[in-house]
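The structure appears below as structure tokens.
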Amino acid sequence: MPNDSILTQRSIVLTDDDRRIRDEDLGDFVPDRLFDAHIHLFHPGHTSERAIPWTYADLDTIRSWSRELWPGRDVHFLIQGTPCPGLDVAAHHSWVVQQAEQDPRSRINRLVTPGCDIEQIRQDVMHPQVIGLKPYRLYSVTGDIHECRIHHFLTHEQMELADELGLWITLHLSGSDGCAWDCNLKDLTEYTTKRYPRIRWILAHCARSFTWWPIRQAIERLRDLPAIWYDLSAVTDLRPILTLLRYESSERIFYGSDGVDAGFFRGKYVTLGRAWQGLDVDRLHLAFPHCQARPILAVYEQLLAFRHAAEIAELSPADLDNIFWKNAWREFGVVRTAPSRTE
Ligand SMILES: [Zn+2]
């Protein structure tokens with residue numbers, strides 16, 4: 001076990017500006033029950049690396065955040081394995097399972113790298129709360145995390161297993177063009193329609209479209225594919241969310257925050273043309289000469305964008321209920337404490 005001094009956590013302190021947005025702008029938008037389909041737990045003791053981008057977050061941490069972010073709401077999670085250099089995947093996964101067992105309505109996608117043993121994965125996904133896999137481009141066998149194809153970080157043997165068991169896979173697409181990259185579209189078409197029809201894909205971050213351009217190019221092809229879902233996590237620009245809501249069924253979209261480190265910082269994912277970057281205002285010196293208001297948490301920026309997009313796209317209360325809760329209830333069986341994939 002690591003020394004406690006390395007268990008730094010992102011402090012759960014809301015500013016007056018955060019609370020104003022939460023209560024005045026989002027209070028009647030965020031429903032009483034919420035399924036956050038994209039959240040991370042992490043323990044730095046499970047990696048040999050010293051310079052790591054994640055802070056300590058266990059189930060208590062994300063529950064404490066939830067109580068501040070969305071007071072009075074019933075919140076459960078689809079916990080994504082957290083990709084990190086030098087990670088002991090087995091130790092990380094068994095700790096995540098221990099954490100998730102404290103909340104039988106939460107679910108887990110097991111972190112998977114090309115080096116993971118197939119029989120170990122099979123054994124791990126037999127746990128009733130483990131519903132799928134979380135691959136990540138960081139583990140690409142090509143060594144190029146920016147321009148790699150799906151099979152470079154999720155082997156065909158692993159996809160065969162996922163197909164056999166009907167697993168979910170939360171996929172952060174690689175490639176500068178994200179979902180608009182022809183290789184990604186060709187691969188997803190082949191996998192969903194021919195090769196692995198029982199895999200259920202959740203394309204994270206609006207199909208990794210933080211800007212308008214990728215989803216604008218790809219949505220008419222993606223919406224025709226079977227077994228494709230999306231999560232809204234970390235996208236704070238109105239345009240990709242609006243495009244997704246206009247073209248896709250609300251039954252194929254999950255709410256997700258990408259907390260803690262990727263969603264609960266003060267700032268947003270800014271877009272500049274087709275470029276985008278996470279902008280953490282606590283690392284900058286901004287003056288705000290024209291206003292008294294100050295920046296808020298990125299997760300509230302995301303919800304403001306989602307709310308605005310939902311109004312323009314004229315989503316019904318039933319559509320919003322699908323995205324915030326009902327899709328998870330239906331697809332992940334969260335109403336039961338011991339779900340069975342065979343039902
Ligand atoms: Zn994430």
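The values are calculated or read from the model by the stated rules, or taken from the named source; none is laboratory data. A quick note: this is a predicted structure, and the numbers were derived from the prediction, not measured. Backbone-built Cβ (ideal geometry, glycine too); neighbour counts: all protein chains shown. Surface accessibility is based on the protein's heavy atoms, side chains included, excluding ligands, DNA and RNA. Shrake-Rupley method; radii C 1.70, N 1.55, O 1.52, S 1.80 Å.
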Within the stretch 294-325, how many residues turn out to be open to solvent by less than 10 Å² (accessible area, probe 1.4 Å) and of a type in the set (S, T, N, Q)?
1
Scanning the stretch 31-63 residue by residue, those open to solvent by 10 Å² or more (accessible area, probe 1.4 Å), more than 16 Å from the ligand (Cβ to nearest atom) and either within 30 Å of Asp319 (Cβ to Cβ) or of a type in the set (Asp, Glu) (or both) turn out to be Pro31, Asp32, Arg33, Glu49, Asp58, Asp60, Arg63
Single match in Ile145, Ile108, Ile118, Ile169 (criterion: under 16 Å from the mean Cα position of the chain (by Cα) and without any contact (Cβ under 8 Å) to a residue 60 or more places away in the chain)
Ile108
For the stretch 251-261, which residues satisfy the criterion of being open to solvent by 10 Å² or more (accessible area, probe 1.4 Å) and out of contact with any Ser or Thr (no Cβ under 8 Å at 6 or more places or on another chain)?
Glu251, Arg252
For the stretch 218-258, name all the residues that are under 24 Å from His76 (Cα atoms) and either among the hydroxyl-bearing types (Ser, Thr, Tyr) or modelled with pLDDT under 95 (or both).
Tyr230, Ser233, Thr236, Ser249, Ser250, Tyr255, Ser257
Note: among Leu225, Leu272, Leu320, Leu238, just one is more than 16 Å from the ligand (Cβ to nearest atom) and within 22 Å of Pro71 (Cα to Cα), namely Leu320
Give the residues of the stretch 161-182 that are under 17 Å from Val141 (Cβ atoms) and not hydroxyl-bearing (Ser, Thr, Tyr), sorted by residue number.
Leu171, His172, Leu173, Gly175
Mind checking which residues of the stretch 65-88 are without any contact (Cβ under 8 Å) to a residue 60 or more places away in the chain, touching a Ser or Thr at 6+ places or on another chain (Cβ under 8 Å) and either more than 13 Å from Leu133 (Cα to Cα) or away from the ligand (no atom under 16 Å from the Cβ) (or both)?
Arg73, Val75, Phe77, Cys84, Pro85, Gly86, Leu87, Asp88
Residue that is least open to solvent (accessible area, probe 1.4 Å) [pool: residues in the stretch 229-240 that are more than 20 Å from Ile62 (Cβ to Cβ) and in a strand (DSSP E or B)]:
Tyr230
So how many residues does the stretch 241-269 have that are away from the ligand (no atom under 16 Å from the Cβ) and either assigned to a loop (DSSP other than H, G, I, E, B) or under 27 Å from Lys186 (Cα atoms) (or both)?
13
Filter result for Ile215 (among the β-branched types (Val, Ile, Thr), more than 23 Å from Gly143 (Cβ to Cβ) and open to solvent by less than 10 Å² (accessible area, probe 1.4 Å))
yes
Take the residues of the stretch 188-210 that are touching a helix residue (DSSP H, G or I) at 6+ places or on another chain (Cβ under 8 Å) and within 16 Å of the ligand (Cβ to nearest atom): which is nearest to Phe332 (Cα to Cα)?
Trp201
Ala51 - would you say it is hydrophobic (A, V, I, L, M, F, W, C) and without any contact (Cβ under 8 Å) to a residue 40 or more places away in the chain?
yes
Evaluate the stretch 157-178: report whether one residue or more is at pLDDT 95 or above, in a helix (DSSP H, G or I), open to solvent by less than 50 Å² (accessible area, probe 1.4 Å) and aromatic (Phe, Trp, Tyr).
no
Looking at the stretch 151-187, which of the residues that are within 30 Å of Gly273 (Cβ to Cβ) and in contact with a strand residue (DSSP E or B) (Cβ under 7 Å, 6 or more places away or on another chain) is nearest to the ligand (Cβ to nearest atom)?
Thr170
Looking at Ala318, Ala310, Ala293, which is the one that is among the hydrophobic types (A, V, I, L, M, F, W, C), over 22 Å from His76 (Cα atoms) and not in a loop (DSSP other than H, G, I, E, B)?
Ala310
